[in-house]
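The values are calculated or read from the model by the stated rules, or taken from the named source; none is laboratory data. Quick caveat: nothing in here was measured; it's all calculated off a predicted structure. Cβ placement follows ideal geometry from the backbone for every residue including glycine, while neighbour counts extend to all protein chains displayed.
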Ligand code: SF4
């Protein structure tokens, strides 16, 4: 098993923004990279518009599938109005990626790509190899949309390097 | 869902892992009615072409079809949400007496915190009530492992076996090791009337068998590795199960644990021995006091229990520390946005008219239940599946002159509205029953049902004709209308039917926005 350190990430926004898919992508990437990984979300029913939060934890051995208050190393926020609620999960010295939300929205043409751009941003911070991300995308995206998602993922990573 | 070829590990939810485990264990027949958080079990099983799977009309039917298959001689599985088991309790209680030929597993997904449910009932009590064993996994990997053991226990002890899941286990994903499938041939069909015909003479004999089986199951519970003792630091010990175990391990990694994977029947000796080995003993469980009451009955004085406030809702990393310390629950959470009907949802137009006419609306279970939320506030009861039909009748019996109607969804109507409609006709009830036909089971994510004319695998089948069915029940008027395109006509129709002293069905037909 890989490095013992555990990394906690909280994703959040509202239903219909592709948050579950984003955390799914991270989950598969962490799996392919050899980590033990758990993902769990809190949301209401099938309808759109309610709050959604998703937690991913990876590392050596993971017990709780949920990130507790002030435990997230990274916070990936998809909707500005949800930020105050989500912020309670962030560690005191955790990295708040909310600042990338507007930049991410500015560089995409299709709003459906918001989740992949933001995961690209996150990927720039995480110890997961590029090949594991690429394999994860093959599982999570259908062949029809995989190429466009690979492109916006790279754009997201590039936002961090700017 | 993952592509499964050439993978030794996959990132699976508890529901997907359980399905995978059942498939690996030689499962043949599975059935369910959709219900959050259990829905993905059947959806995952439907991806394995060698399995015979179905969305059934309701849980009672699903139970009977799968239990029949197990009596017939193949491994079978029924899945439901906690309240779904209520609908299937009738066959379960007697299936416990008659037993099985091949393994039969009942998966029940509870919903602590009521993320998408009308109550928070705790299925663990069904163990002692139906006298069947209950297993409870703590993770997706365990769900996969436990289902294989459940089939073995079912066959060895001649009993249905319940696997109790919760939303948190069903919907958590983790990396899960994959295995291969073991095919099992069907057992020959036997005619054993003393075992399978539960007339009093035979049922009396079978009840004796059940009580003897209980004794054997207790022995299994004592020696099974499902109930695992982890002795570390003896100063603090926990008796726990399910997801609670995970939250505890996170915060008390050095403590000692008795982790109950087989929750019923209890392993009394193991519990007593464990309690002797630790200095402080704490029982940690979500919802009801199932383990607590048993530990108390065993006379274990040193055991500490949770504050009563913890009988409500889900546990979690934020609150588990307070629970262990014996403090009341103190959850500081900023309010989350509630779900609402999707923009453009067909139900909006129906509710705008019902609200305008200021009717008392008996509701049912589905997306349309959200019509009760302010500012719409146009739905006034929601108790269980099918009650939109029967409450139109019941509330009218209290107020025969009241402006009362009922609403029910298409899938819900087929699930358990039809019998209520026949009852209304038979007993001369009046009023309007609206079938909000969005051509899917929307609230659980859009599953097929008899009136969509498609099976769980999207294969074409005979479509149930709802207007013809309602006419055949003897309803006075059956109208089909798309209110979204004809709001004025819809309103006129409702007024007209209200003025007549008749029983009417108005089918408001417009597809759910989320149908692909
Ligand atoms: S899922 Fe369909 S039926 Fe449910 S609220 Fe959305 S549009 Fe309406």
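So in the range B:308-349, with the set limited to residues that are outside any loop (DSSP other than H, G, I, E, B) and within 29 Å of the chain's Cα centre (by Cα), which one is farthest from the other protein chains (Cβ to nearest Cβ)?
B:308
Since residue A:63 meets every condition but one in (1) in contact (Cβ under 8 Å) with a residue 12 or more places away in the chain; (2) part of a loop (DSSP other than H, G, I, E, B); (3) within 10 Å of chain B (Cβ to nearest Cβ), which condition does it not meet?
The single condition residue A:63 does not satisfy is (1).
Assess whether residue B:444 counts as being part of a helix (DSSP H, G or I), surrounded by fewer than 24 Cβ atoms within 10 Å (Cβ to Cβ), within 16 Å of the ligand (Cβ to nearest atom) and within 14 Å of chain A (Cβ to nearest Cβ).
Criteria not met by residue B:444.
Given (1) closer than 23 Å to residue B:167 by Cβ; (2) surrounded by 24 or more Cβ atoms within 10 Å (Cβ to Cβ); (3) modelled with pLDDT of 95 or more, where does residue A:8 come up short, assuming only one miss?
With (1) closer than 23 Å to residue B:167 by Cβ; (2) surrounded by 24 or more Cβ atoms within 10 Å (Cβ to Cβ); (3) modelled with pLDDT of 95 or more applied to residue A:8, the lone miss is (2).
One residue is enough: does the range B:168-187 have a residue meeting the conditions more than 14 Å from chain A (Cβ to nearest Cβ) and under 23 Å from residue B:291 (Cα atoms)?
no
Filter the range B:327-346 for residues that are modelled with pLDDT under 85 and more than 16 Å from the ligand (Cβ to nearest atom) and give the result.
Matches in the range B:327-346: B:331, B:332, B:333, B:334, B:335, B:336.
Let me spell it out: the conditions are (1) assigned to a loop (DSSP other than H, G, I, E, B); (2) at pLDDT 95 or above, and residue B:406 meets all of them except one. Which number is the exception?
In the conditions (1) assigned to a loop (DSSP other than H, G, I, E, B); (2) at pLDDT 95 or above, residue B:406 misses (1) alone.
In the range B:432-441, how many residues are over 30 Å from residue B:402 (Cα atoms) and either over 17 Å from the mean Cα position of the chain (by Cα) or within 8 Å of the ligand (Cβ to nearest atom) (or both)?
Within the range B:432-441, residues that are over 30 Å from residue B:402 (Cα atoms) and either over 17 Å from the mean Cα position of the chain (by Cα) or within 8 Å of the ligand (Cβ to nearest atom) (or both) number 2.
Is one or more of the residues making up the range B:492-508 within 32 Å of the chain's Cα centre (by Cα), within 16 Å of the ligand (Cβ to nearest atom) and surrounded by fewer than 19 Cβ atoms within 10 Å (Cβ to Cβ)?
No, the range B:492-508 contains no residue that is within 32 Å of the chain's Cα centre (by Cα), within 16 Å of the ligand (Cβ to nearest atom) and surrounded by fewer than 19 Cβ atoms within 10 Å (Cβ to Cβ).
Can you tell me which residue within the range A:124-139, out of those that are surrounded by fewer than 21 Cβ atoms within 10 Å (Cβ to Cβ) and assigned to a helix (DSSP H, G or I), is nearest to the other protein chains (Cβ to nearest Cβ)?
In this case the residue turns out to be A:139.
Give the number of residues within the range B:150-166 that are in contact with a strand residue (DSSP E or B) (Cβ under 7 Å, 6 or more places away or on another chain) and in a helix (DSSP H, G or I).
Qualifying residue count for the region: 4.
Looking only at the range A:26-60, which residues are touching a strand residue (DSSP E or B) at 6+ places or on another chain (Cβ under 7 Å), buried (at least 21 other Cβ atoms within 10 Å of the Cβ), modelled with pLDDT of 95 or more and more than 7 Å from chain B (Cβ to nearest Cβ)?
A:26, A:30, A:35, A:54, A:55, A:56, A:57, A:58
Being free of Cβ contacts under 8 Å to residues at least 40 places away in the same chain and either under 16 Å from the mean Cα position of the chain (by Cα) or under 17 Å from residue B:185 (Cα atoms) (or both) is the filter here, so list the residues in the range B:51-69 that pass it.
Scanning the range B:51-69 gives B:51, B:52, B:56, B:59, B:60, B:61, B:62, B:64, B:66, B:68.
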